[in-house]
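Before any comments, here is the structure.
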Amino acid sequence: MFRSESGNEPVADFLPTLSDKDRVKAMQQIMLLTEFGVMLKEPYSRQVQGKIRELRTSGKVGEIRILYFPHKDKTFVLLNAFVKKTPKTPQKEIETAVKRMQILTDSGD
């Protein structure tokens, strides 16, 4: 998971805001990513932009998305999570994920 310089973990902070049922669904998507890695395809995962992909699930709150990218040694970094309220992924959420990915790749982590 991405961790900011101040120690915040946006995805970890987002998950407790969901209902128990929605949180379980989101965690199931994360477990699928852990199990299948780059082989995880639609409807569970979809490319958003460049290396950034999204885990996808529906909940009572709406369409839950977790943006991530493949990192080194067959690992993935969860960058951002949000409830999607429009048909397209909001550009602001994509830009946030891109910035976080760049922080990690530029630092060599």
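Taken together, the values in this text are just the output of simple stated rules run on the coordinates, not laboratory data. Since we're looking at a predicted model, the values are computed, not measured. Glycine gets a Cβ as well: all are built from the backbone with ideal geometry, and neighbour counts include every protein chain shown.
Okay, here's what the table says:
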| quantity | calculated |
| --- | --- |
| Test: residue in the stretch 24-36 that is touching a helix residue (DSSP H, G or I) at 6+ places or on another chain (Cβ under 9 Å), charged (D, E, K, R) and in a helix (DSSP H, G or I) | no |
| Among (1) in contact with a Lys or Arg (Cβ under 9 Å, 6 or more places away or on another chain); (2) assigned to a helix (DSSP H, G or I) - the single one K99 does not satisfy | (1) |
| Neighbours by Cβ (under 8 Å, 6+ apart or cross-chain): first from the stretch 6-26, under 14 Å from V83 (Cβ atoms); second in a loop (DSSP other than H, G, I, E, B) and among the β-branched types (V, I, T) | L18/V61; S19/V61; D22/V61 |
| Of residues in the stretch 75-98 being surrounded by 13 or more Cβ atoms within 10 Å (Cβ to Cβ) and of a type in the set (D, E, K, R), the one farthest from the chain's Cα centre (by Cα) | K84 |
| Within the stretch 39-58, considering residues that are without any contact (Cβ under 8 Å) to a residue 40 or more places away in the chain and either in contact with a Pro (Cβ under 6 Å, 6 or more places away or on another chain) or charged (D, E, K, R) (or both), the one nearest to T105 (Cα to Cα) | R53 |
